[in-house]
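Just so it is clear, none of the values below were taken in a lab; they were calculated from the coordinates. Because the structure is predicted, anything quoted here is derived from the model rather than measured. Quick reminder, even Gly has a Cβ in these numbers, built from the backbone with ideal geometry, and neighbours come from all protein chains shown.
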Amino acid sequence: MGILASLAAAFLVIFIPETWLEGGRELYFDRLTQFFSLQHSPDIAVVDIDRKAISAAPNQKWYRPETARLIDKITADKPAVIAFDLVFSTECDDTAPANQALAKALSAAPSVLGFLLSDIEGPSPQPLPPLAISRSLTVPEIWFLPGAETACPLFQKAATSTGGSFLIGDDDSLVRRVQAFSILGANPFPALGLEAARRYMRIKTPILGGTPPWLKLGRETFSLAEDGSLRFVASNRATIAKRTVSAADVLADNPPKGFFTGKIVFIGSSLPNLGGLRSSAAEPLVASLQIHADLANSLLENFIPVRDDLFVDFEAGFVLMAGLVIALLTVRFRPSMIALGGVGVIIISLGAAAAIYAYTGWLIDGYTVGIALAVVLLVTAFSQFAETKRAERTARQRFSQYLPQSVVDRYIDNPNAKRASGEERQVTALFTDIEAFSNLAGRVHPQLLVGLLNVYFAEVTKLVSDYGGMIDKIVGDAVHAFFNAPEDLDDHVNKAIECALAISRLTEEMRSRPDFKAQDFGRTRLGIETGLAVLGEVGIAGKLDYTAHGNSINLAARLQDANKFLGTTICVGPAANKASARTLRPLGEHEIRGFGTMELFTPDDFIKKGK
């Protein structure tokens, strides 16, 4: 069952619909990327036109002259690039002093203007960043845009480059990846964070190719997702605060001169009316310019989380192998150990997925793998539990034919219990024997004889059990049974006598059955005696026997044999007669080898005392 469950789980890992587990999988990847924090590049700074900046502006309004002054302040520090998560798309009068001031500031800065997605067709953003395309490139369909909302032509002419600043969230509205390129008409434009990183690295011409796409920036090659997106490691609140300064502080010369030198500077706003607030893997609400900064940081640190479709085959293979390990546990261990071992396998699997991500950036789907292995564990554990219960039921059923239920329960429910030590108690022994069995065995085919004995012993031992007795052992054709052992049995002497009478009636009826009659199956003789006996487990560890020892036990065996010369079927000893509530027919005094002369009795044609 474990092997079948492992195969089924591996099959489901490959063929289960992507949407079924996508939400949980993405949340797992979020936790994974946050658990292993990515180093933050010191060459990335974010300037936030925040509420503090608005409050410090003239009339508490932020206009283009303030933006121009802000750019001039930053440009004076000679940054590597200034990327704008602001789109100056309205009020495009070239003669307006505010626009001329902003255009002048942009032309003096290494500026990258952002543009937004639009459903209205229009001219492509300018200027167009350089890009070399390999012949092997398969262009993702999502890259093609109907249109873009761009900055005024005056500002585009003044800018050094341009990049897409729009962000597309997943189904749960979290932004985990950024569309690497956008195509308007026939022109490809990089994402804002990507273009900022390219200019910082001073890569003249990046190369794009492959299926799925890959991007080469200088000596580094970055794998893109099948849809052409770049996954980034989202920064937490502490990291965001560390790299962010207020535009008001910049205008007030705080931070000090030289703070922006050689850095990528992102300018935008965390205010809803000026910028976009989005949800990332790290924060429920974060300014969109921080997400562009996170993408640039992942590129600069050369650590882009990658999820490839080829990983699914690896995950399915791993589930199969790990599932077989769990199945092996079910064969060799008890259910509690199976559960612990299975949970251990799942934990190791999750740990391995985390380690792979930490060293390579590969996103192995520990979420689906964990669920698949948990299913295998549940199926195998339940199967083993069911098999154990079935075996236990069979054991109880079979052994209860030979032992009292309490003894069977003791051995099965407490397998590690100590051996039962010697216990002295009053025991009534019942021994049976088949008359002329040696002759029967000599003339009947062994296979036929075994079949007859199987029926004989099954019905006789059931009677013993029904009357509360314990089967001590079956030796050849004889059944050795005890009453009042190992647990108390009220009126055990009479129960033994009643059982003997029932066995006598049963075996006589059995002798009349065609199969038994055809072989001239002999009568069953029985001997009964009661007395003190010592009970307990005897033998060595490999072979133990729960039995009784005492004179009464040995005497019952001799009484069974005495039926031969007495001509009786059931012979009862003097102690059993004295303890019995029945009136037994005396057989006179007879000598029993090893025990001397004693009076013997039989319940044949018995009558109740006092009647």
(request) Starting from the eigenvalues of the Cα gyration tensor, five times each then square-rooted, give me the equivalent ellipsoid semi-axes of the chain, largest first, whole Å. (result) 98, 24, 17
(message) 5 Å is the cut-off here: which amide hydrogens, built 1.01 Å from N in the peptide plane, fall below it relative to Ala83, excluding neighbours closer than 5 in sequence?
(response) Val112, Val265, Phe266, Ile267
(request) Enumerate the amide H contacts of Ser229 below 5 Å, restricted to partners 5 or more residues apart or on another chain; note that Pro and chain-start residues carry no placed amide H. (result) Ala180
(request) Pairs of Cα atoms under 8 Å, at least six residues apart: use those to get the relative contact order of the chain, whole percent. (result) 13 percent
(request) Determine, from the Cβ-Cβ distance of Asp94 and Ser134 and an R0 of 51 Å, the FRET efficiency 1/(1 + (r/R0)^6), rounded to the nearest 0.05. (result) 0.80
(message) Can you tell me the length gained on complete extension of the stretch Lys473 to Glu220, counting 0.36 nm per residue apart and subtracting the Cα distance?
(response) 83.0 nm
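If you put +1 on each Lys and Arg Cβ and -1 on each Asp and Glu Cβ, how big is the dipole of the stretch 2-49 around its Cα centre, in Debye rounded to 20?
Taking the Cα centre of the stretch 2-49 as origin, the dipole is about 280 debye.
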(request) Could you give me the radius of gyration and the Dmax of the stretch 205-317, taking only the C-alpha atoms into account and expressing both in angstrom? (result) 17.4, 60
(request) Note down the magnitude of the dipole of the chain about its Cα centre, charges +1 on Lys and Arg C-beta and -1 on Asp and Glu C-beta and zero elsewhere, to the nearest 20 debye. (result) 900 debye
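Do any trypsin sites (Lys or Arg not before Pro) in the stretch 186-275 lie in a loop, going by DSSP, with at most 16 other beta-carbon atoms within 10 Å of their beta carbon, and if so which?
Qualifying residues, ordered by number: Arg202, Lys204, Arg219, Lys257.
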(request) Report, in degrees rounded to the nearest 10, the 0 to 90 angle that the Cα long axis of helix 366-399 makes with the longest principal axis of the chain. (result) 0 degrees
(message) As a quick test, which of the pairs Lys104/Lys257; Lys517/Lys564; Lys216/Lys257; Lys52/Lys204; Lys52/Lys257 have an alpha carbon distance above 28 angstrom in this structure?
(response) Lys216/Lys257; Lys52/Lys204
(message) Between helix 97-108 and the chain, what is the angle of the helix's C-alpha long axis to the longest principal axis, kept within 0 to 90° and rounded to the nearest 10?
(response) 70 degrees
(message) Amide H of Arg523 versus every other amide H placed in the peptide plane: which residues, excluding those fewer than 5 positions away on the same chain, fall under 5 Å?
(response) Glu435
(message) Given axes a ≥ b ≥ c from the Cα gyration tensor, I'd like to know whether the stretch 310-399 is rounded (a/c under 1.5), prolate (a/b larger than b/c) or oblate.
(response) prolate
(request) Find the relative contact order for the stretch 125-198 and round it to a whole percent, using C-alpha pairs within less than 8 Å whose residues are 6+ positions apart. (result) 37 percent
(request) Pull up the DSSP beta bridges for the chain and report the antiparallel fraction as a percent, rounded to 5. (result) 65 percent
(request) Pull the list of the chain cysteines that no other Cys approaches to under 4.7 Å, Cβ to Cβ. (result) Cys499, Cys571
(request) Report ³J(HN,Hα) in whole Hz for each residue of the stretch 54-62, in order, from the Karplus equation J = 6.51 cos²θ - 1.76 cosθ + 1.60 where θ = phi - 60°; Gly and Pro get x. (result) 5, 5, 8, 6, x, 6, 6, 10, 9
(message) Quick one: 3J(HN,Hα) in Hz for the stretch 200-212, Karplus 6.51/-1.76/1.60 with θ = phi - 60°, rounded, Gly and Pro as x.
(response) 5, 6, 6, 8, 5, 9, x, 10, 10, x, x, 9, x
(request) Please give the helix 310-332 orientation as an angle from the longest Cα principal axis of the chain, in degrees from 0 to 90, rounded to the nearest 10. (result) 20 degrees
(request) Could you tell me which of rounded, prolate or oblate describes the stretch 407-608, using a ≥ b ≥ c as the square roots of the eigenvalues of the alpha-carbon gyration tensor, with rounded for a/c under 1.5 and, failing that, prolate when a/b is larger than b/c and oblate otherwise? (result) oblate
(request) Quickly estimate the mean residue ellipticity at 222 nm for the chain, helices only: each DSSP H run with n ≥ 4 gives -39500 (n - 2.57), and the total goes over all residues, rounded to 500. (result) -14000 deg cm²/dmol
(request) Report the one residue of Pro574, Leu350, Thr162 whose Cα lies farthest in the direction of the positive end of the charge dipole of the chain (charges on C-beta: Lys and Arg +1, Asp and Glu -1; origin at the Cα centre). (result) Pro574
(request) Answer rounded, prolate or oblate for the stretch 139-235, using the Cα gyration tensor with square roots of eigenvalues a ≥ b ≥ c: rounded when a/c is under 1.5, else prolate when a/b is larger than b/c, else oblate. (result) rounded
(message) Apply the Karplus curve 6.51 cos²θ - 1.76 cosθ + 1.60, θ = phi - 60°, to the phi angles in the stretch 187-195 and return the couplings in whole Hz, x for Gly and Pro.
(response) 9, x, 10, x, 5, 4, x, 5, 5
(message) I need Asp50, Asp94 ordered by Cβ neighbour count within 10 Å, fewest first.
(response) Asp94, Asp50
